[in-house]
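S.K.: Here it is, the structure, as structure tokens.
Derivation of every value follows stated rules applied to the coordinates shown; laboratory data play no part. Computed from a predicted structure; not experimentally measured. No Cβ is skipped: glycine too gets one built from the backbone with ideal geometry, and neighbour counts run over all protein chains shown.
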Amino acid sequence: MLLPTMKLDEIRKEINKDFLIVQRKAAFLEKDLKHEFKHHHIEQEVRFHDYLSKYKNQWVIRLELQHKGWMASYITHFYGEKGLVAISPDVNSDYLSFYTAHFLKRFNERMNLGLVKPDDIIHAYADENLIASEHKLGNSENGMYKFYSTTPNGYVLGTCKTFKKFFKLHTFLNNEMLAGSEAEKIKTMNDTLEKYLTNTESPF
């Protein structure tokens, strides 16, 4: 079970224990969805499934219908020292994306969602924003770089530690919060992230 006292290597071990089982669950769900949609000509559909694993971890499985079939994404959540946090493993690499409590709180606030239940917050974010394009902010230093990702709802600001294969998502800005030229937007994002990094909330 994921716990707020765990270090990054312990979190990796816990997620690795779960992940093959969670992926098998997604494969069964995909099979059911293929049967459900066999006689329907729908080009796009997103379904969520909440799953409590054998090791008592709460997972959200996101299944999206694309032109090549159903694509699965995964995110697990638990309560850290500062509130609800989430982690999404990359199915194609060893990278983890860590959504801080601050990030999820700001997403909920800045999208005016007013959500309370953890699953509802994760569903709302993952519905359109889980897969996003990444852009570096500045150069890499000591194996770490700052980045932003554009999503339909706004901008994700975070850092990546390549030597740990670890993305940390610090805060979220909605589309209305950034104005001006592209250069002005980049400066605002850089300044916001720098300010936030002086008050980091986890040891990762």
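S.K.: Between the alpha-carbon centers of region 113-182 and region 5-41, tell me the distance in whole angstrom.
M.R.: Distance between centres, Cα-based: 23 Å.
S.K.: Using +1 on the beta carbon of Lys and Arg, -1 on that of Asp and Glu, and nothing else charged, what's the dipole of region 1-78 about the Cα centre, debye to 20?
M.R.: 280 debye
S.K.: Another question, then. Could you give the size of the charge dipole of the chain about its Cα centre, using +1 on the Cβ of each K and R and -1 on the Cβ of each D and E, expressed in debye and rounded to the nearest 20?
M.R.: Dipole of the chain, to the nearest 20 debye: 580 debye.
S.K.: Using the crude model of +1 on Lys and Arg Cβ and -1 on Asp and Glu Cβ, and no other charge, please compute the dipole size for region 83-173 relative to its Cα centre, in debye to 20.
M.R.: 360 debye
S.K.: Please list the non-local residues whose amide H lies under 5 Å from the amide H of Tyr95, H modeled 1.01 Å from N, same-chain partners needing a gap of 5 or more.
M.R.: Asp90
S.K.: Let me ask something else about it. Go through Lys17/Lys82; Lys31/Lys105; Lys7/Lys195; Lys31/Lys54 and tell me which ones have a Cα-Cα distance over 32 Å in this structure.
M.R.: Going by Cα-Cα distance, Lys31/Lys105 fall outside the 32 Å limit.
S.K.: In addition: Based on DSSP H runs of at least 4 residues, each adding -39500 (n - 2.57), what is the mean residue ellipticity at 222 nm of the chain after dividing by all its residues, to the nearest 500 deg cm²/dmol?
M.R.: Theoretical 222 nm ellipticity from helices: -11000 deg cm²/dmol.
S.K.: What do you get for Rg/Rh of the chain when both radii come from the Cα atoms and Rh is the Kirkwood radius?
M.R.: Radius of gyration relative to Kirkwood radius: 0.97.
S.K.: Something else now. With unit charges on the beta carbons (Lys and Arg positive, Asp and Glu negative) and the dipole taken about the Cα centre of the chain, which residue among Met71, Phe107, Asn190 sits farthest to the positive side?
M.R.: The Cα lying farthest towards the positive end belongs to Met71.
S.K.: Follow-up. Checking the a/c ratio against 1.5 first, then a/b against b/c, what shape does the Cα gyration tensor give for region 60-104?
M.R.: Taking the square roots of the gyration eigenvalues as a ≥ b ≥ c, region 60-104 is prolate.
S.K.: Contour minus end-to-end for Asn175 and Asp90, with contour as 0.36 nm per residue of separation and end-to-end as the Cα-Cα distance? Please list the in-between numbers first.
M.R.: Values: separation 85, 0.36 × 85 = 30.60 nm, distance 2.60 nm.
Once the chain is fully extended between Asn175 and Asp90, it gains 28.0 nm.
S.K.: While we're looking at this one, here's another question. Please report, in Å, the Rg and the Dmax of region 23-109, where both are computed over Cα atoms only.
M.R.: Radius of gyration, then largest Cα-Cα span, for region 23-109: 15.0, 48 Å.
S.K.: If the elastic network links every pair of Cα atoms under 10 Å, which of Lys68, Lys146, Lys105 fluctuates the most in the Gaussian network model of the chain?
M.R.: Lys68
S.K.: Do you know the relative contact order of the chain, to the nearest whole percent, from alpha carbon pairs under 8 angstrom that are 6+ apart? Mind showing how you got there, number by number?
M.R.: Values: 302 pairs, mean separation 28.8, N = 204.
Relative CO of the chain lands at 14 percent.
S.K.: Residue separation times 0.36 nm, minus the C-alpha to C-alpha distance between Thr188 and Glu128: what's the value?
M.R.: Extending this stretch completely gives an extra 19.2 nm.
S.K.: Could you grab the relative contact order for region 106-204? Cα pairs under 8 Å, six or more apart, rounded to a whole percent.
M.R.: Relative contact order, region 106-204: 20 percent.
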